[in-house]
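The values are calculated or read from the model by the stated rules, or taken from the named source; none is laboratory data. Keep in mind that this is a model prediction, so the values were computed, not measured. Glycine gets a Cβ as well: all are built from the backbone with ideal geometry, and neighbour counts include every protein chain shown.
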Amino acid sequence: MAERGITDEKLADEIGVERPTVTRWRSQQHRLNPDKIGAIAKALDVEPAELWRPPSKERPSLDALLKRAPDEIVRRAAEMTGILMKDLK
């Protein structure tokens, strides 16, 4: 959230909950259901799995890089993943 400049209040408004609810989520005092996880990820413009990854100032995740990459790069990355998966069998 900090990386994107989103406050608890802004996220709460975006997904339709009260600010204290977001604060409890962030302090792990409340479990999230899959619908809320999806709503938070959408509001932050990330994949749900990214919510559990620590932010990295040094190097963004591959998911983040590909999300913003041109189609040709995404296609090439998919081809490389296929090659790697075949080699792992």
Being surrounded by 15 or more Cβ atoms within 10 Å (Cβ to Cβ) and either under 16 Å from Gly5 (Cα atoms) or at pLDDT below 80 (or both) is the filter here, so list the residues in the stretch 33-50 that pass it. Ile40, Ala41, Ala43, Leu44, Val46, Glu50
Considering every residue within the stretch 11-28, establish whether at least one is over 24 Å from Ala64 (Cβ atoms), under 16 Å from the mean Cα position of the chain (by Cα), free of Cβ contacts under 8 Å to residues at least 40 places away in the same chain and surrounded by fewer than 11 Cβ atoms within 10 Å (Cβ to Cβ). no
Contacts under 6 angstrom Cβ, first residue in the stretch 69-86 being without any contact (Cβ under 8 Å) to a residue 40 or more places away in the chain, partner part of a helix (DSSP H, G or I), 6 or more apart: Val74/Leu66; Ala77/Leu66
